[in-house]
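First comes the structure, then the notes that go with it.
The values are calculated or read from the model by the stated rules, or taken from the named source; none is laboratory data. From a predicted model like this one, the values you see are computed outputs, not experimental measurements. Don't worry about glycine lacking a Cβ; one is built from the backbone with ideal geometry, like all the others, and counts go over all protein chains shown. Ligands, DNA and RNA are excluded from the accessible area calculation, which covers all protein heavy atoms including side chains. Shrake-Rupley method; radii C 1.70, N 1.55, O 1.52, S 1.80 Å.
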Amino acid sequence: LVRVAHPEWTAEHVEEALFRTAKDLGEPGKDIAYGWGRVDAFAAVNFVSTTPGISSISPSTIQASSLGFTLTVNGNNFQQSSIVKWNSQNRQTTFVSNSQLRAEILASDVISATTASVTVLNPDNKESNSVSFTVTPSLSPSISSISPSSIQAGSSGFTLTVNGNNFQQGSVVR
């Protein structure tokens, strides 16, 4: 019922709504007879969570040894002071709306192939679900052709055009 009313909520949001709105029965808190209490479906559907949730990130993958980039994080319950975390490390974050943040990911974050964890931390210390970001291995560049293919010794300067694959910004011809 809660999931139908709020399809954008993560499993963690649904759990939080059910837990926080349950009616305590018997002994205060969790007990053997009633557990945490009786679910109040109406209250759970109307629950307003402040826990952030990530639904997607863009990009979700990049090649190792790339330059730093801006990561767009989409979700819900983001706040003006929310912080995007990359492997538990705070990253410079720009608030766009309560459903979008942008974070500056450093070149040093993507220096080698790995899977990074992206989360959002709100000012009340509630942290979102974790979303994986894949840093793929860097592919070696390969040259298919050069032009000109030869030049007379002692000639004046010239422009060498190199064609191929897997060149990255900042590549150098040697």
Study note, to complete from the structure: Of the accessible area of the stretch 31-88, computed with a 1.4 Å probe and all protein chains kept, carbon and sulfur make up a percent value of 57
Review point. Got a sec to turn the phi values of the stretch 144-151 into Karplus ³J(HN,Hα) couplings, 6.51 cos²θ - 1.76 cosθ + 1.60 with θ = phi - 60°, whole Hz, x for Gly and Pro?
Key: 9, 6, 10, 8, x, 7, 8, 8
Revision key, fill the gap. Looking only at aspartates and glutamates whose Cα falls under 20 Å of residue 85's and that sit 8 or more positions away or on another chain, we get 12, 104, 109, 124, 127
Check your understanding: Which values, in whole Å and largest first, are the semi-axes of the equivalent ellipsoid of the stretch 15-84 obtained as the square root of 5 times each eigenvalue of the Cα gyration tensor?
Key -> 40, 13, 10
Study note, to complete from the structure: With a 1.4 angstrom probe the carbon and sulfur portion of accessible area for the stretch 105-164, in percent, totals 53
Review point. So, with +1 on the Cβ of K and R and -1 on the Cβ of D and E, and no other charges, what is the size of the charge dipole of the chain about its Cα centre, to the nearest 20 debye?
Key: 480
Point to revise | Surface per residue (accessible, 1.4 Å probe) for the stretch 23-174, Å² | key: 62
Point to revise | For the chain, with +1 on Lys and Arg beta carbons and -1 on Asp and Glu, the positive-most of 153, 114, 18 along the dipole | key: 153
Study note, to complete from the structure: So the angle from the long Cα axis of helix 11-21 to the longest Cα principal axis of the chain, reported in degrees to the nearest 10, equals 20
**Study point:** Tail weight of P(r) past 31 Å, computed on alpha-carbon pairs of the chain, percent
**Key:** 42
Check your understanding: Put a dot 7 Å past each Cα toward the Cβ at residue 5 and residue 24; how far apart are the dots in nm?
Key -> 2.2
Review point. Compactness ratio of the stretch 36-118: Cα Rg over 2.2 N^0.38 Å, N = residue count?
Key: 1.37
Revision key, fill the gap. Here the residues of the stretch 52-93 lying in the modelled label zone of residue 111, meaning backbone nitrogen under 11 Å from a point 7 Å along Cα-to-Cβ, are 65
Review point. Applying 1/(1 + (r/R0)^6) with R0 = 35 Å to the Cβ-Cβ distance of residue 98 and residue 138, what FRET efficiency is obtained, to the nearest 0.05?
Key: 0.45
Review point. Based on DSSP H runs of at least 4 residues, each adding -39500 (n - 2.57), what is the mean residue ellipticity at 222 nm of the chain after dividing by all its residues, to the nearest 500 deg cm²/dmol?
Key: -3000 deg cm²/dmol
Check your understanding: In Å and whole numbers, how far do the C-alpha atoms of the stretch 77-142 stretch along each principal axis, longest first?
Key -> 48, 19, 17
Exercise for review: Please report the Cα spread of the stretch 58-103 along all three principal axes, rounded to whole Å, starting with the longest.
Suggested key: 32, 18, 14
